Amino acid sequence: MFGNKKEFGDYQTPIEFCERVCAYLDAQGLSNNIDAIIEPTCGLGNFIVSAYENFHLPSIGIDINSSYIKIAHERLPLGTFINDNIFDVSVPDICRYKNVLVIGNPPWATNSDLDYNLPHKTNFKELKGIEALTGSSNFDICEYVILQMLNAFKGTDSVICMLCKTSVARNVILEIDRNSIPCNNIEMLNFNSQKVFGVSVAACVLVIQLSSAIYTTIACHVKDFDSLEAVDTLTINNNHLVSSNTKAQDFEGTCQMTWRSGVKHDCGKVMELELVNGNFVNKYKEIVDVEDDLVFPLVKSSFFKSPIIRDFKKFVIVTQQKAKQDTSYIEQEYPHLWSYLSRHSEDFSKRKSIIYKKSGSFSMFGVGDYSFAPYKVGVSGFYKKPLFSLLTADKPVMTDDTSYFLSFDNYDDAYTIMLLLNSKPVQDYLTSIAFLDSKRPYTVKLLSRLDLARCLSSVTLDNLIKTEAILGLKPQIRLELYNRLLKLLNNGGDYI
């Protein structure tokens, strides 16, 4: 009746939870100066009905689904309901009230998940270059809605109260600071999304008290919604959120080496191969008989389970040495590979990302000189406790695009960096600045904040020897390697 949930990012909020949220707002006195209620994605109306019954204020609901709007209006006949896409609506034009309560549960989905209910394609975070074309532009619809509401009501004493993923809440707080939006108070009320919605994701009720006064420093108070006990306080330092629970040594700075993400091809059934009984086999279970010059060992994000990785069963075809390179050379130099890729051209044509639209046949991204370095130290973006692994083989080792690495042309330097990154002081710092409830706690952006020179000034040779033993490695680290890395970092650090 109501269409596909994923199509609309549609998870209706249980009425009991709506009542809890409204009761909290009432207990905090957050409706005292409010003139109206607006819900930008009202669905069946649970939130807007609860808010009206608690606060008895003029109420406006918006939703793209006409069936939902009909039911919501039947439940709240005194409300005003608009059947439209929130991204096509000028909220100030339909809501003439100055101080409003914006309440609701916008879609928990990214723009790549949805076919409908999308905003016009704008670079709303002002990303630059490749960031605006790849992962960084795959924004969360819920985040977009909240930012749209903030922009509509900034400079007033309105209240924004939205259910969202905690990762979205943190992004919103950073955007509030970046755009100097005046706020009296910000709270994240963490709740169990599995109990409420049946989905396993860190989630919260984000409550933002806007202000008509001048801008003040941002601080977000984090509470457990069940007990209302304080959990943390988040502040902003150098455009980063900082937890009050952080007790680790401070290694904040700029990394002397360049962190990279792995290869991106979005065509795993064709490009990723497994070695079975001496033959390459693709995910279609086809034996792939191609020239192996462009086939490289592959470490996927889930493979980072030991400090040194030398043995590989997974491989990946790498068609370019740099982004946007013309791949037509493959037809002449590697005819078997060209024939194989051409047979699967339909798989490549199905790739959705805009980055492939103006690129050559069988193109990929995340490739450069750094990809072909003989040694890498990499880490999965997904695990809460990061294990940094030294990757080495007869050919350069590739990682997937959910893994991150540093490149080296010298084994000893790679080995010493691997120990440094796995040492307790560095591990403590990384886990203190990462938000471990995020889908991907570790990213290039976060790792790039790690000042390796500061790390090595605090992590002694004895620390590295101890780390080596904890990792179960044979003794290799010595003063010569420690001093060599110290010199490298003090001279700027980067290889490639």
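Just so you know, all these numbers are worked out from the coordinates, no wet-lab data involved. These figures come from a predicted structure and were not determined experimentally. FYI the Cβ positions are ideal-geometry reconstructions off the backbone, even for glycines, and counts take in every protein chain you see.
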Treating only Lys and Arg (+1) and Asp and Glu (-1) as charged, each at its beta carbon, one finds that the chain has a dipole about its Cα centre, in Debye to the nearest 20, of 680 debye
Would you kindly state how much longer the chain becomes between SER349 and ASP311 on full extension, computed as 0.36 nm times their sequence separation minus their alpha carbon distance, in nm to one decimal? 10.4 nm
The chain, helix-only ellipticity at 222 nm - DSSP H runs n ≥ 4, -39,500 (n - 2.57), divided by all residues, nearest 500: -8500 deg cm²/dmol
Dipole of the chain [Lys/Arg +1, Asp/Glu -1 at C-beta], most positive-end residue of ASN33, LEU486, TYR68: LEU486
Let me spell out the model: positive unit charges on the Cβ of Lys and Arg, negative unit charges on the Cβ of Asp and Glu, origin at the Cα centre of the stretch 166-289. What dipole size does that give, in debye rounded to 20? 160 debye
Lys/Arg Cβ at +1, Asp/Glu Cβ at -1, dipole of the chain taken about the Cα centre: which of LEU390, ALA230, LEU241 is farthest positive-ward? LEU390
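When the Kirkwood radius is taken over all Cα pairs of the chain, what Stokes-Einstein diffusion coefficient follows at 4 °C and 1.567 mPa s, in µm²/s? Display every interim value, and only then the final one.
Values: Rh = 25.3 Å.
Taking Rh from Cα pairs, D becomes 51 µm²/s.
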Among the aspartates and glutamates, select those whose C-alpha is under 14 Å from the C-alpha of LYS223, and discard any that sit fewer than 8 residues away in the same chain. GLU187, ASP232
Inter-label distance, nm, simple model (7 Å from Cα along the C-beta direction), LEU471/VAL242: 3.0 nm
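If exposed means no more than 12 neighbouring beta carbons inside 10 Å and the site is in a DSSP loop, what's the longest run of the chain without any exposed GluC sites (Glu not before Pro)? Mind showing how you got there, number by number?
Details: sites that count: GLU126, GLU229.
That gives 230-496 as the longest site-free run.
Which of the pairs LYS247/LYS424; LYS385/LYS439; LYS376/LYS445; LYS165/LYS439; LYS314/LYS439 have their Cα atoms more than 22 Å apart in this structure? Show your work: numbers first, answer last.
Details: LYS247/LYS424 13 Å; LYS385/LYS439 13 Å; LYS376/LYS445 18 Å; LYS165/LYS439 10 Å; LYS314/LYS439 24 Å.
The pairs that break the limit, which is 22 Å between Cα atoms, are LYS314/LYS439.
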Using a cut-off of 12 Å between alpha-carbon atoms, which aspartates and glutamates can reach LYS313, once sequence neighbours fewer than 8 places away in the same chain are excluded? GLU272, GLU274
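Under unit Cβ charges (Lys, Arg +1; Asp, Glu -1), what dipole magnitude, rounded to 20 debye, does the stretch 371-496 have relative to its Cα centre?
Working: 15 positive and 13 negative charges, 62 e Å.
Computed about the Cα centre, the dipole is about 300 debye.
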